[in-house]
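The values are calculated or read from the model by the stated rules, or taken from the named source; none is laboratory data. Worth saying up front: this structure is predicted, and the values here are computed from it rather than measured. Methodologically, a virtual Cβ is constructed for each residue, glycine included, from the backbone with ideal geometry; neighbour enumeration extends over all protein chains shown.
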Amino acid sequence: MLKVENAVVRYGAIEALHGISFEVNEGEVVTLLGANGAGKSTTLRMLSGLHSASSGSVAFEGQDITHSKPHDMVSRGIGLVPEGRRIFPQMTVEENLEMGAFARSGSFQGEIEEQYAKFPILKERRKQLGANLSGGEQQMLAIARALMGKPRLLLLDEPSMGLAPMIIEQIFEIIGQIRAAGTTVFVVEQNATQALQLADRGYVMENGKIVFGDSAKNLLVDPRVRAVYLGESA
């Protein structure tokens, strides 16, 4: 479904991604692990059209999207849940959901009801401003807003960041349900345990490079991953 080959991303004179390559197959959950500053969020910015690769290529469902703009990505079927959630704080929950369908035409009230079925707490809060939601509720709203665009590939940037352990478990259960419903998921995470327990495969990024990748099952027992991301001795 998604294929990245030798992609380089620069911010001015600074090269942030150094020729990365990876694939995401339809129906998978794939995770990208790495410490702060490794290049994970830059990778998602590239995939969502917020920053184009200066060389290399990005293809989605066989079509070159290397230089596509964000609204084009949404129209093609790629949705992004950004780091920090980035909901509209002065809009209600329902208005935030409506914004998620900006690229679509016609009525989408049915889709809003679908999101309320997935996230009952959002239905209870539908008239509340985004700013008044808890962190977990805001993360649910950010995911629901991205799903309003009917993505075939959902990109998630640090969905567990700043959340309590019980809420993190709930968020990852929701991601599993999204995959079960037929949406392919690419998730960037520092919480390696949660991400690998959910994912089919994973890649590890360091200093703007993907240093290795494997099945999630193998990565969970890989001594390099356990030492760096799970706090165990190699």
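What residue, among those in region 1-17 that are at pLDDT 95 or above and farther than 13 Å from Thr42 by Cβ, is surrounded by the most Cβ atoms within 10 Å (Cβ to Cβ)?
The selected residue is Leu2.
Here are some conditions: (1) touching a strand residue (DSSP E or B) at 6+ places or on another chain (Cβ under 7 Å); (2) of a type outside the set (A, V, I, L, M, F, W, C); (3) more than 22 Å from Lys217 (Cβ to Cβ); (4) surrounded by fewer than 23 Cβ atoms within 10 Å (Cβ to Cβ). Arg179 meets all but one. Which one does it not meet?
Among (1) touching a strand residue (DSSP E or B) at 6+ places or on another chain (Cβ under 7 Å); (2) of a type outside the set (A, V, I, L, M, F, W, C); (3) more than 22 Å from Lys217 (Cβ to Cβ); (4) surrounded by fewer than 23 Cβ atoms within 10 Å (Cβ to Cβ), Arg179 violates only (3).
Does Glu173 satisfy the condition of being under 30 Å from Ala35 (Cα atoms) and buried (at least 22 other Cβ atoms within 10 Å of the Cβ)?
no
Output the number of the condition that Gly136 fails; it satisfies all remaining conditions of (1) within 18 Å of the chain's Cα centre (by Cα); (2) among the small types (Gly, Ala, Ser); (3) over 21 Å from Met166 (Cα atoms).
(3)
Tell me, please, whether a residue that is closer than 22 Å to Asn36 by Cβ, basic (Lys, Arg) and in a helix (DSSP H, G or I) can be found in region 203-218.
No: zero hits.
Just a yes or no: is a residue in region 18-27 more than 16 Å from the chain's Cα centre (by Cα), at pLDDT 95 or above, part of a strand (DSSP E or B) and at positive phi?
Yes, some residue in region 18-27 is more than 16 Å from the chain's Cα centre (by Cα), at pLDDT 95 or above, part of a strand (DSSP E or B) and at positive phi.
I'd like the residue in region 57-73 that is surrounded by 14 or more Cβ atoms within 10 Å (Cβ to Cβ), in contact with a strand residue (DSSP E or B) (Cβ under 7 Å, 6 or more places away or on another chain) and without any contact (Cβ under 8 Å) to a residue 60 or more places away in the chain and, out of all such residues, is farthest from Leu153 (Cα to Cα).
Restricting to residues being surrounded by 14 or more Cβ atoms within 10 Å (Cβ to Cβ), in contact with a strand residue (DSSP E or B) (Cβ under 7 Å, 6 or more places away or on another chain) and without any contact (Cβ under 8 Å) to a residue 60 or more places away in the chain, the top hit is Ser57.
Return the total of residues in region 74-100 being part of a strand (DSSP E or B) and either at pLDDT below 90 or farther than 18 Å from Asp157 by Cβ (or both).
Here the count works out to 1.
Could you say which residue among Arg86, Arg76 is in contact (Cβ under 8 Å) with a residue 24 or more places away in the chain and basic (Lys, Arg)?
Checking each option against the conditions leaves just Arg86.
I need a count of the residues in region 162-204 that are closer than 17 Å to Ser41 by Cβ, out of contact with any Leu (no Cβ under 6 Å at 6 or more places or on another chain) and in contact (Cβ under 8 Å) with a residue 60 or more places away in the chain.
Filtering region 162-204 for residues closer than 17 Å to Ser41 by Cβ gives 162, 185-192, 195, 202-204.
Next cut, out of contact with any Leu (no Cβ under 6 Å at 6 or more places or on another chain) only: 162, 189-191, 195.
Still in the running and in contact (Cβ under 8 Å) with a residue 60 or more places away in the chain: 189-190, 195.
Total meeting the criteria: 3.
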